[in-house]
Amino acid sequence: MRVLIVGGGVAGLALAAMLARQGREPVVAERVGSYADSGYGISLYPFGSAVLHGLGAYPGFAAESVELKTYQIADRHGGIIRSIDFARLMAGYGPTYMTARGTLIGLLRQACGDRAELRMGTTVSALREAGAQVEASLSDGSTGRFDLVVGCGGIHSVTRELLFGSQPGVDTGWTGWTWWGRAGIFPPETVREWWLPGALFGVYPVPGRAMYLIAVPGATASADGLSQTEVRARLRAALGESALIPEIGAALGEASRLWPWPLRDVRSRRLRKGRVVLCGDAGTAFLPTAGVGASAALRCAAALADELSRADARLVPLALDHYLERTTGPVRAHQRDSRRLARAMFLRSNALCRARDAATRHMPIRSMIGSILAAMHERV
């Protein structure tokens, strides 16, 4: 079975590593020229990190991650509205970890070994049916015939665009600005978010440092032409009196380079066409509000690899049917949780924020991340 994986992110590399362990030799086309940038911080719930056990990557992952033990929501004055004991919540399943995306990518690349062919700076430019195969033209000028093409290119998937054109999603109208700073400003092993009128500030710890995020209304384009100093000034103004909280001020003072993150998602109406299928964020991309995107990507890759382990080239269409039956429902439930949280988090009205804060103090955790808790018990 010849397999082309378009996108060498979390889903693509995990799938390649699992196929390599089946004795196959997948080709992975990754659009970036190198993985030099460590990217943003990510969380992995137990149902996602469990996939790493099968790749022999779990011990290395745990050693280079921070266990999330507490999740807190704070108000504009720094008072804690809600504190969730994550260690207790997940005690029956396993720890929830946070790490840098680059760390996870490195571990997955290592798990691929020598059997997967990784082509950096390359993506797909055209796909054509060729009998019982797919002929793919790549941006490096090469062509090839494959029994299966898997689009794993994330929210900006070229494969999805080639197959189905522009697809719907939710655009919150907000932009997140992220940067890396030192650890120790906020409590260790704790994610804390300030849900503010017209802004959100969050801290997400990884080993030796922390990722910080400020989300504000407005498109990324509104900051075009602004210097980093001007962007920081705008964000400080959006935080209002919360910017005077010493810890937040210290974190902002370390923001030497801020990266924009448009807060929107995608849900492709279709996930498969013939022998081409979408996996991970390429088909169903997530807002970062529930922190479930990487876990879902790993689980989808594992489900697809599992179905392919019982198929030869002739049975690929049947394997794809089974894969979509297993994953589509749970993944879209996770996306609904992320969207529901976004509606609660991204508010501009003071009155609505006060009502939201009062409700959040007593809100059952299942109403916040119900599908994620259910996923611990589901076979996907």
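The values are calculated or read from the model by the stated rules, or taken from the named source; none is laboratory data. On a predicted model such as this, the values are computed, not experimentally measured, just so you know. Virtual Cβ from ideal backbone geometry, glycine too; neighbours counted across all protein chains shown.
Numerical summary
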item	result
Enumeration of residues in the range 56-70 that are in contact (Cβ under 8 Å) with a residue 24 or more places away in the chain and either under 20 Å from PRO187 (Cα atoms) or hydroxyl-bearing (Ser, Thr, Tyr) (or both)	ALA62, GLU64, SER65, VAL66, GLU67, LEU68, LYS69, THR70
Selected residue [assigned by TED's automatic domain parsing to the domain that holds TRP177, over 20 Å from the mean Cα position of the chain (by Cα) and surrounded by 20 or more Cβ atoms within 10 Å (Cβ to Cβ)] from LEU213, LEU235, LEU244, LEU226	LEU235
Qualifying residue in the range 332-340 (condition: outside the structural domain of GLU193 (by TED's automatic domain parsing), surrounded by 15 or more Cβ atoms within 10 Å (Cβ to Cβ) and among the aliphatic types (A, V, I, L, M))	yes
Filter pass, PHE186 being part of a loop (DSSP other than H, G, I, E, B) and either outside the structural domain of GLU247 (by TED's automatic domain parsing) or surrounded by 16 or more Cβ atoms within 10 Å (Cβ to Cβ) (or both)	yes
Given (1) touching a Ser or Thr at 6+ places or on another chain (Cβ under 7 Å); (2) closer than 24 Å to PHE346 by Cα; (3) not assigned by TED's automatic domain parsing to the domain that holds GLU325, index of the condition LEU252 fails	(1)
Selection from the range 322-337 of residues that are in contact (Cβ under 8 Å) with a residue 40 or more places away in the chain and of a type in the set (D, E, K, R)	ARG326, ARG332, ASP337
Inter-residue pairs, beta-carbon under 8 Å, first touching a residue at least 12 places away in the same chain (Cβ under 8 Å) and in the range 42-55, second among the basic types (Lys, Arg), 6+ apart	ILE42/ARG101; PHE47/ARG299; GLY48/ARG299; VAL51/ARG299; GLY54/ARG21; LEU55/ARG21
The range 4-29: number of residues that are crowded, with 24+ Cβ neighbours inside 10 Å and in contact with a strand residue (DSSP E or B) (Cβ under 9 Å, 6 or more places away or on another chain)	16
Failed criterion for ILE155 (all others in (1) surrounded by 20 or more Cβ atoms within 10 Å (Cβ to Cβ); (2) in the same structural domain as ARG272 (by TED's automatic domain parsing); (3) of a type in the set (A, V, I, L, M, F, W, C) hold)	(1)
Helices (runs of 4 or more DSSP H) contained in the range 314-380 and holding at least 2 residues out of contact with any strand residue (DSSP E or B) (no Cβ under 9 Å at 6 or more places or on another chain) and under 28 Å from PRO168 (Cβ atoms)	316-345, 366-375
Restricting the range 357-380 to residues that are among the basic types (Lys, Arg) and either closer than 27 Å to GLY329 by Cα or at pLDDT 95 or above (or both), the residue that is surrounded by the most Cβ atoms within 10 Å (Cβ to Cβ)	ARG366
Members of the range 126-143 found to be closer than 19 Å to PHE164 by Cβ and in contact (Cβ under 8 Å) with a residue 40 or more places away in the chain, listed by number	LEU127, GLU129, VAL134, ALA136
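Conditions (1) of a type in the set (A, V, I, L, M, F, W, C); (2) assigned by TED's automatic domain parsing to the domain that holds ALA17; (3) surrounded by 15 or more Cβ atoms within 10 Å (Cβ to Cβ), marked per residue:
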{"residue": "ASP75", "(1), (2), (3)": "no, no, yes"}
{"residue": "ILE81", "(1), (2), (3)": "yes, no, yes"}
{"residue": "ASP85", "(1), (2), (3)": "no, no, no"}
{"residue": "GLY106", "(1), (2), (3)": "no, yes, yes"}
{"residue": "ARG109", "(1), (2), (3)": "no, yes, yes"}
{"residue": "GLY113", "(1), (2), (3)": "no, yes, no"}
